[in-house]
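Participant: Starting off with a structure, shown below.
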Amino acid sequence: MTDQEAFSTILDIASSEPGIRAVLLEGSRANPNIAPDRWQDFDIVYVTESNDKYVDGSWIEEKFLPRFGEVAIRQIPDNGDTGLVYTWLIQFANGVRIDLTFNPVAMLMKPGIMESNTGVLLDKDGVFGFMPEPSDKDFLTRLPSEFDFLSCSNEFWWVSPYVTKALCRGQLLLALRWLEEVVREEYCRMLEWLVICELGKPVNLGKHGCDILGLAPFEYLEPLIESFCKLESGEIRKALSGLNEAFPKLASSVGEKLGYSYNASEGEKTLKFMREFHGESGTD
């Protein structure tokens, strides 16, 4: 099924269903700054008079799924109040991936509900004429406040000893999770801010900052890349060491550009503690 065929089918289903009053497009396909490719999802919102008819799934099973063919896998997340949000995530065997959400029109009329990256595909009642052209302004990485800057640094150093403590206990899985889910994430956050400082404007760096590879200085990218390591004590220590060694210069650089003071003693004292109580430090 081609993209055009998928869009036509999505709209044809909605056009023939009285309870669906509009169709919205979200996500990367609505983003004018993203070049389309064959792997993009169709993030579709069916705007309803009421979700009541759809939340038992029978309408989707009977009227929607057969139009796209065999389902490879699907997921129905817990959205909370299904009267306001009801979603099916569907991967069809023919390659089409649709994230189908049902929202009542009354809910979508509330201020701040819809993301900036939303386009209108169908509007039976003409109620979405107020919407601007889709943009990715809600997804731009912006410069931090001083509080955010200091909190990032504090969290980086606060959790670094968690990694070495877990290693001392032989808890390799836990050590790697602390490294990956917190220490590396805070390092990436600081690195994204450096990129934004150097570009001089907010930028969409992609999902989980995936576009940072082509923008950040290599001296800071190298320890990030090398932090993707094996589940082995020496490898984890080496990965942590690289991040611990690079972070002070990285954070200081961001601080200088923003007029914030990096708390160098915080990291120095943390590394001293790690040396004395956990053996090798992040920079040994």
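Participant: Shape call for region 68-169 from the C-alpha gyration tensor, a ≥ b ≥ c root eigenvalues: rounded (a/c under 1.5), prolate (a/b greater than b/c) or oblate? Mind showing how you got there, number by number?
Facilitator: Numbers: a/c = 2.68, a/b = 1.53, b/c = 1.74.
Judged from the Cα gyration tensor, region 68-169 comes out oblate (a/c at least 1.5, b/c at or above a/b).
Participant: Which aspartates and glutamates, if any, have their Cα less than 12 Å from the Cα of K63, not counting same-chain residues under 8 positions apart?
Facilitator: D12, E17
Participant: Turning to a different aspect of this structure: Find, among the trypsin sites (Lys or Arg not before Pro) in region 1-84, those assigned to loop by DSSP (not H, G, I, E, B) with at most 10 other beta-carbon atoms within 10 angstrom.
Facilitator: Details: sites: R21, R29, R38, K53, K63, R67, R74; in loops: R38, K53.
Sites meeting the loop and neighbour criteria: R38.
Participant: To the nearest 20 Debye, how big is the dipole of the chain about its Cα centre, given +1 on the beta carbon of each Lys and Arg and -1 on that of each Asp and Glu? List each step's numbers first, then the result.
Facilitator: Details: 27 positive and 45 negative charges, 97 e Å.
So the magnitude is around 460 debye.
Participant: Same structure again: How much length is gained if the chain between E235 and S50 is pulled fully straight, taking 0.36 nm per residue apart and subtracting their Cα-Cα distance, in nm to one decimal? If you can, show how the numbers build up before the last one.
Facilitator: Working: separation 185, 0.36 × 185 = 66.60 nm, distance 5.43 nm.
Contour length minus the Cα-Cα distance gives 61.2 nm.
Participant: Right, something else. Hey, which of these cross-link pairs are over 28 Å Cα-Cα: K110/K257; K165/K230; K201/K249; K201/K269; K137/K238?
Facilitator: Values: K110/K257 38 Å; K165/K230 18 Å; K201/K249 22 Å; K201/K269 34 Å; K137/K238 38 Å.
Checking Cα-Cα distances, K110/K257; K201/K269; K137/K238 exceed 28 Å.
We did not get these values from a lab; they are worked out from the coordinates using the rules stated. Just so you know, these numbers come straight off a predicted model, no measurement behind them. FYI the Cβ positions are ideal-geometry reconstructions off the backbone, even for glycines, and counts take in every protein chain you see.
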